[in-house]
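Remarks on the structure that follows.
The values are calculated or read from the model by the stated rules, or taken from the named source; none is laboratory data. Since this is a predicted model, take the numbers as computed values, not measurements. Accessible surface is based on the protein model in full, side chains and every heavy atom, while ligands, DNA and RNA are left aside. Shrake-Rupley method; radii C 1.70, N 1.55, O 1.52, S 1.80 Å.
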Amino acid sequence: MNGNLSYGEHRKLGNMTGTGNGNVRLILLVAVFIFFLTDTARSILINDQFSYYNFPFLLAGTVFLIRAAVRNSVNYGILYVVFAFSVILYTYSYLFTNYTLAVILQTVISVTLPLFLIGVKVPKPELMQALRIVILLFNALIFLLLGVGVADFLTGGSIQLLMANTIYNGLELGDLIRVERALGIYRYYSFVGHPLANAHYFLVFFILNHIYAKHDRFLLKKMAVTFMTMLGLLLSGSKTGLVLGLFLVIFCSGMKRNRVFYFAGIIAIIVVLFNTPLFEENIKQRFLGGIQSGDITSGRNELLQTLANSRADRPGLLLGGGAGYSREVAKSLNGNIFNFEYPLIMLAYDYGIAGTAIIYFLILIYPVYVLIRNKSYYELVLFIVLSALANSNNGLANLGSDALAQLCFTFFIFRNLGKHEKASDPEGRRKRWNDGKSGIYGERGHSLLQQ
């Protein structure tokens with residue numbers, strides 16, 4: 001099957017299967033529930049306690065997984081690994097770490113169900129139908145997020161201060177906004193949440209638009225995607241996010257024709273944005289301050305140094321202390337930071353070194369292997385970029401967070417758009433869904449990494 005088909009041809013082929021509509025709806029629901037109904041949105045719309053439970057995702061994700069298993073469209077090896085890991089984790093946690101049923105439910109939603117998504121396969125035409133709608137919705141969200149961010153910056157952070165005193169009042173986000181504004185630090189806290197969450201969304205915005213364009217066409221002008229991504233990352237104030245964004249813009253934008261004009265436009269955008277107070281008075285000063293202090297990690301490494309020089313508990317080899325245990329260890333060190341921030345360390349304390357190895361095998365090693373096997377090198381680079389940002393903050397290790405689900409869902413997209421992925425049809429016949437020749441964009445362009 002040629003991956004060079006237009007969206008209309010993809011839709012026609014999806015309808016011919018007679019089963020595409022169900023998968024399309026479920027993919028769309030899963031995407032909406034993990035990217036739009038996030039823990040921050042749930043805390044605003046309902047209450048802080050409910051934010052730990054993404055029940056809509058639990059329902060849609062479970063139905064999607066069962067449907068895939070019934071249709072033999074799963075990698076059973078991955079399913080067995082996740083199932084065995086879950087049984088051991090929940091049995092041990094319930095018997096020996098005083099896990100309540102509520103915490104087990106949170107772990108199912110935040111950890112287990114996202115890991116199951118890694119092994120699900122769907123036909124490419126069905127994924128393309130769903131992905132088009134997802135991107136249109138996500139682009140609308142980014143327009144709103146960016147517009148509010150620009151208005152917030154121009155008004156000296158008045159919008160986020162208003163949120164701190166209303167929808168975030170009594171929440172950790174509200175306290176963080178007040179503290180940073182009192183210190184004269186500007187980072188964009190939004191209705192999406194923390195500045196790092198905003199940075200993640202802007203990177204996802206860039207990646208989804210480009211990955212869809214590779215197989216069909218751009219739904220927004222490419223230069224608009226570039227400009228909005230860079231402006232959003234500057235507003236977010238994430239140093240890691242900005243570096244990764246620059247990498248994507250320079251090496252992963254893809255352009256065959258008019259390449260000189262395109263890169264000239266990119267340089268112009270970078271020069272203009274980096275000479276604004278948004279960069280000069282925020283990220284630049286934080287970079288320089290980090291260099292002078294010898295720690296550009298915003299204090300993350302300070303707690304690790306304290307840990308190395310202390311007699312605090314170390315992560316267990318086979319089993320951990322349960323979800324949230326890493327925070328208890330961090331607080332016991334009496335440092336200036338009460339969280340290790342790095343998911344690798346937090347998960348090791350929570351689920352043990354062996355459990356963490358299983359998790360990272362599923363969310364990093366296996367995806368990299370699949371993308372290399374499928375010769376999806378462009379998707380591989382995009383996935384590594386997203387993984388790098390995800391591992392620079394504590395989202396992957398937080399119960400109630402949708403960060404792990406978002407990362408796993410992104411890999412689900414990449415693997416099912418890959419060159420050599422197979423998905424079963426209703427009769428159980430396995431078919432090859434080939435995305436055709438690499439480097440196909442709306443402009444028929446090739447990125448530097450695809451050549």
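For the cross-link pairs Lys124/Lys375; Lys124/Lys222; Lys124/Lys239; Lys121/Lys375, the ones whose C-alpha atoms lie over 28 Å apart are Lys124/Lys239.
Segment Asn301..Arg373, full-extension length gain: 22.4 nm, with 0.36 nm per residue of separation and the alpha-carbon distance subtracted. Using only Cα coordinates, the Kirkwood hydrodynamic radius of region 128-265 works out to 15.9 Å. Using only alpha carbons, region 111-166 has a radius of gyration to Kirkwood radius ratio (Rg to Rh) of 1.24. The residues of region 92-145 present an accessible area of 33 Å² per residue when probed at 1.4 Å with all protein chains retained. By accessible area, using a 1.4 Å probe on protein heavy atoms only, region 138-221 has 68% of its surface on carbon and sulfur. Scattering from region 112-203 was approximated by placing one identical point on each alpha carbon and applying the Debye formula without solvent; log10 I(q)/I(0) at 0.11, 0.21, 0.23 1/Å stands at -0.45, -1.00, -1.12.
Here is the P(r) of region 56-146: all C-alpha pair distances, binned every 5 Å from 0, give 3, 12, 16, 18, 17, 14, 9, 7, 4, 1 in whole percents.
For Val74, the residues whose modelled amide H falls within less than 5 Å of its own, excluding neighbours fewer than 5 places apart on the same chain, are Lys121.
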